[in-house]
Amino acid sequence: MTSRPSTSPASHFGAVVGALGVGLLACAAAVTFTGAAAKLELLDPGALVRWGLPLTTTAFQLAMALTIGLLLLGGMLMPEGARTARRFRVGRYAAWSALAWAVFGVVNGILTYADVSGVRVGSRGFWSGAWKTTWELDLLRDPAITTLVALGVAVVCLAGASRGVQAFLFFVAVAAMWPLALVGHAAGSDDHDAAVNSLAFHLLGVAVWVGGLLAVLLMWSRLGKGAADVVARFSTAATWCIAMVGLSGVLNAWIRLGGFGGLGSKYGVVVLAKIAALVGLGVLGWFQRQKVVARLRADRASKPGRAAFARLAGVEVLVMSAAIGLGAALSRSQPPVSGESPLNTTDRAFSLTDYPTPSPLETGSWFTAWRVEWLFTAIAVLGLGVYLHWVWRLHRRGDKWPIARTVWWIGGWASFIYFSDAAPAIYGHVQFSMHMLMHMGVSMFVPICLVRGGVVTLAMRALPKRRDGTLGPRELLLAVVHSRVFAFFANPIIAAVLSFGTLIAFYYSPLFYIALTTHTGHVLMVAHFTTVGYIYAYSLVGIDPGPKLWNPPIRMLILLVAIAFHAFFGVAMMTGTTLLAPDLFTVLDLSWVPDPLVDQQRAGTVAWGAGEFPTLMLAMLIAMEWYRKDRAEGERAERQADRDGDAELTAYNEYLAARARAGAAHARDDNPEHTVDQKD
């Protein structure tokens with residue numbers, strides 16, 4: 001009879017308590033060093049708020065990371081079925097950590113209101129003012145949204161979450177971090193979008209890295225022989241997280257420091273301490289991947305190997321927690337570069353869109369104008385890199401991959417980068433016609449190229465299949481493309497209605513103004529229309545596994561109907577006399593756009609004209625498939641005829657002859673006199 005692993009509270013929660021303690025100590029030390037908790041001369045909210053904000057931020061981020069890590073472990077890393085006592089325990093731990101995440105979020109929101117308003121907690125009118133202001137001010141509303149999501153995750157986990165539910169909640173919790181990036185300590189800088197995007201990547205990397213390792217430690221005594229596989233899989237994810245945290249941290253710090261000169265400030269010293277912690281973690285991670293993981297896999301029951309991993313992972317978690325505490329202190333510290341820009345008062349475009357007014361559009365601007373949108377560029381580069389790596393993996397084992405598909409994929413992402421970073425994006429924030437060009441590019445042209453790249457088919461051939469019931473990238477892709485939800489939206493009629501219906505709803509509603517003036521609105525617009533465009537293109541010319549495509553003639557008919565609706569949209573905008581998003585275009589007063597309404601009508605021309613080329617591409621691809629299908633059926637019929645002596649044609653001719661004889665006999669029966677005359 002085997003002994004059960006230790007189940008004492010200390011063995012389970014010692015790592016969590018230690019991480020929280022180290023994080024709070026590091027935060028307090030950094031706050032003391034930078035003077036972030038110094039008393040204010042005016043509107044001082046009190047020591048409780050000055051010290052409480054960075055400390056609760058540390059606890060908030062650790063609870064968030066632990067929740068995400070536990071959901072990652074239970075949903076995708078543990079090698080068990082969906083309904084086990086072990087997975088149930090992971091879900092229960094995730095519920096309590098999500099509840100702590102929500103509680104710390106509420107406390108942090110209360111302290112933030114006190115800090116913004118300059119009043120002490122509990123003063124007269126404090127609670128009513130806090131409730132009202134929370135939903136009016138972005139600085140309070142965005143973290144409140146994250147807190148509500150955390151509370152929802154806790155409720156679902158307490159109700160009992162299976163493997164699939166935990167995997168879904170993992171992505172929900174990851175998405176809930178986006179509002180935090182919008183109000184982060186670098187979000188108020190001149191390069192607002194770069195700051196928000198880099199902070200979003202930074203939070204994601206830290207949460208998966210720290211939370212995942214902390215979750216593994218929390219469940220270490222219960223993972224059994226599957227511990228080696230869990231650690232190996234998490235180690236792969238951690239490698240990506242190290243790169244993500246390092247690159248995004250450098251970009252975010254550079255924005256706040258304003259150059260190497262800022263490293264000499266107290267803020268810069270704390271940044272250097274975070275960099276040192278990151279480098280140390282990279283070394284520990286490399287040692288763990290090269291030595292400890294290999295030792296665990298070699299002898300899954302080795303107690304020394306398991307103990308070595310627990311010790312090394314414990315040190316990593318403590319260093320990570322200290323880095324989180326330093327980051328929380330930085331969020332309350334004054335950087336060398338002020339977040340306020342003089343453009344806020346001198347540049348109308350910057351005050352409305354967070355982008356400076358570009359120079360007048362000239363012929364050369366189409367090739368020279370460039371502004372890196374880090375979020376979209378990073379996604380495109382990652383998409384290209386992973387695809388080419390998979391192609392190379394096939395090549396190394398002797399398999400071939402069609403060059404045409406690789407060209408399609410590269411062309412799609414290259415076009416996406418151009419439409420996101422070059423002239424269409426730069427001028428699209430202030431000029432309707434350029435915005436429409438960017439929109440048509442990312443919603444119609446780019447998706448066709450990506451669909452023809454056949455990335456799902458490539459992934460199925462390049463990614464290894466997991467045989468222990470866990471969810472890897474391959475399994476997640478298959479689950480998505482074979483799901484009922486995807487089958488519903490990949491119906492060509494539904495996809496066409498969704499594509500062109502949301503197009504009309506977007507421009508003739510306040511959503512258009514929100515997309516032009518807010519970073520979140522712009523990101524959601526690009527993400528939505530690129531995704532919808534991909535599904536629409538897949539429903540017509542897809543080559544990957546998934547719902548069966550309709551016959552080419554029906555798809556061609558749907559495409560022709562969709563062309564008519566798209567033309568109607570373009571003509572309606574060309575002939576419209578009501579300016580859309582007037583609060584933006586009438587205020588900008590650009591010298592090269594004397595009449596915004598004329599430019600809007602020109603946007604209708606762009607929508608009509610620029611949409612014809614992708615439509616022609618779709619029509620040609622469907623026609624080519626139609627031709628190949630008919631030709632293949634003809635060749636198949638010819639081969640069958642050669643094998644059986646054209647039995648099908650012979651049988652058909654005999655059928656016609658029999659029908660002719662039967663018809664003649666029936667005619668004689670109906671006219672017997674004519675028959676007698678013929679005999680006479």
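The values are calculated or read from the model by the stated rules, or taken from the named source; none is laboratory data. Just so it is clear, the structure is predicted and the values come from calculations on it, not from any experiment. Cβ coordinates were reconstructed from backbone atoms using ideal geometry, including for glycine residues, and neighbour counts include every protein chain displayed. We work out accessible area using only protein heavy atoms, side chains counted, and drop any ligands, DNA or RNA first. Shrake-Rupley method; radii C 1.70, N 1.55, O 1.52, S 1.80 Å.
Within the range 192-234, can you find the residues that are within 20 Å of Leu281 (Cα to Cα), of a type outside the set (A, V, I, L, M, F, W, C) and open to solvent by 10 Å² or more (accessible area, probe 1.4 Å)?
Passing the criteria: His202, Arg233.
Contact list please: Cβ distance under 7 Å, first residue in the range 445-474 and closer than 30 Å to Trp608 by Cβ, second residue open to solvent by 30 Å² or more (accessible area, probe 1.4 Å) and of a type in the set (D, E, K, R), pairs at least six apart or on different chains.
So the pair list comes out as Arg452/Arg405; Gly453/Arg405.
Between residues in the range 356-385 that are closer than 24 Å to Val407 by Cβ and modelled with pLDDT of 90 or more and residues that are surrounded by fewer than 17 Cβ atoms within 10 Å (Cβ to Cβ) and hydrophobic (A, V, I, L, M, F, W, C), which pairs lie under 7 Å by C-beta distance while being six or more apart or on different chains?
Between residues of the range 356-385 that are closer than 24 Å to Val407 by Cβ and modelled with pLDDT of 90 or more and residues that are surrounded by fewer than 17 Cβ atoms within 10 Å (Cβ to Cβ) and hydrophobic (A, V, I, L, M, F, W, C), the close pairs are Leu384/Ile410.
What's the total number of residues in the range 49-70 that are touching a Leu at 6+ places or on another chain (Cβ under 7 Å), under 13 Å from Ile110 (Cβ atoms) and hydrophobic (A, V, I, L, M, F, W, C)?
Number of matching residues: 2.
With the requirement that a residue be under 26 Å from Ala369 (Cβ atoms), open to solvent by less than 60 Å² (accessible area, probe 1.4 Å) and touching a Leu at 6+ places or on another chain (Cβ under 7 Å), what does the range 391-419 give you?
Matches in the range 391-419: Trp409, Gly412, Trp413.
Tell me which residues, restricted to the range 167-210, are farther than 22 Å from Phe104 by Cα, at pLDDT 85 or above and over 14 Å from the mean Cα position of the chain (by Cα).
Listed by number, the list holds a single entry, Ala167.
Filter the range 276-289 for residues that are aliphatic (A, V, I, L, M) and open to solvent by 80 Å² or more (accessible area, probe 1.4 Å); which is farthest from Gly35 (Cα to Cα)? Outline the logic, then answer.
Going residue by residue through the range 276-289, those that are aliphatic (A, V, I, L, M) are 276-279, 281, 283-284.
Restricting the remaining residues to those that are open to solvent by 80 Å² or more (accessible area, probe 1.4 Å) gives 279, 283.
Details: Val279: 26, Val283: 31 Å.
So the residue we want is Val283.
Please count how many residues of the range 514-555 are closer than 13 Å to Ser443 by Cα and either of a type in the set (Asp, Glu) or touching a Lys or Arg at 6+ places or on another chain (Cβ under 6 Å) (or both).
0
Go through (1) open to solvent by less than 70 Å² (accessible area, probe 1.4 Å); (2) outside any helix (DSSP H, G or I) and name the single condition Met556 misses.
(2)
Would you point out the residue of the range 235-273, among those that are open to solvent by less than 40 Å² (accessible area, probe 1.4 Å), without any contact (Cβ under 8 Å) to a residue 60 or more places away in the chain and hydrophobic (A, V, I, L, M, F, W, C), that is nearest to Ala26 (Cα to Cα)?
The residue in question is Val271.
For the range 62-78, check the following and say yes or no: at least one residue is open to solvent by 40 Å² or more (accessible area, probe 1.4 Å) and either in contact (Cβ under 8 Å) with a residue 12 or more places away in the chain or not in a helix (DSSP H, G or I) (or both). Working first, answer last.
Pass one, the range 62-78, residues open to solvent by 40 Å² or more (accessible area, probe 1.4 Å): none.
Checking the range 62-78: not a single residue is open to solvent by 40 Å² or more (accessible area, probe 1.4 Å) and either in contact (Cβ under 8 Å) with a residue 12 or more places away in the chain or not in a helix (DSSP H, G or I) (or both).
Restricted to the range 581-605, and to residues that are small (Gly, Ala, Ser) and either outside any helix (DSSP H, G or I) or modelled with pLDDT under 90 (or both), which residue is least open to solvent (accessible area, probe 1.4 Å)?
Restricting attention to the range 581-605, the residues satisfying the condition of being small (Gly, Ala, Ser) are 581, 591, 603-604.
Those left that are additionally either outside any helix (DSSP H, G or I) or modelled with pLDDT under 90 (or both): 581, 591.
Numbers: Ala581: 14, Ser591: 98 Å².
Among residues in the range 581-605 that are small (Gly, Ala, Ser) and either outside any helix (DSSP H, G or I) or modelled with pLDDT under 90 (or both), the one least open to solvent (accessible area, probe 1.4 Å) is Ala581.
Considering only residues that are open to solvent by 50 Å² or more (accessible area, probe 1.4 Å) and either outside any helix (DSSP H, G or I) or touching a residue at least 60 places away in the same chain (Cβ under 8 Å) (or both), look in the range 606-633 and name the one that is farthest from Gly441 (Cα to Cα).
Going through the qualifying residues, I end up with Lys629.
Please go through the range 521-553 and pick out each residue that is in contact (Cβ under 8 Å) with a residue 12 or more places away in the chain, part of a helix (DSSP H, G or I) and either open to solvent by 30 Å² or more (accessible area, probe 1.4 Å) or under 15 Å from Ile494 (Cβ atoms) (or both).
His528, Val532, Gly533, Tyr534, Ile535, Tyr536, Ala537, Tyr538, Ser539, Leu540, Pro553
Working carefully through the options Gly428, Gly441, find the one that is out of contact with any Phe, Trp or Tyr (no Cβ under 6 Å at 6 or more places or on another chain) and open to solvent by less than 10 Å² (accessible area, probe 1.4 Å).
Numbers: Gly441 fails: out of contact with any Phe, Trp or Tyr (no Cβ under 6 Å at 6 or more places or on another chain).
Unique residue meeting the criteria: Gly428.
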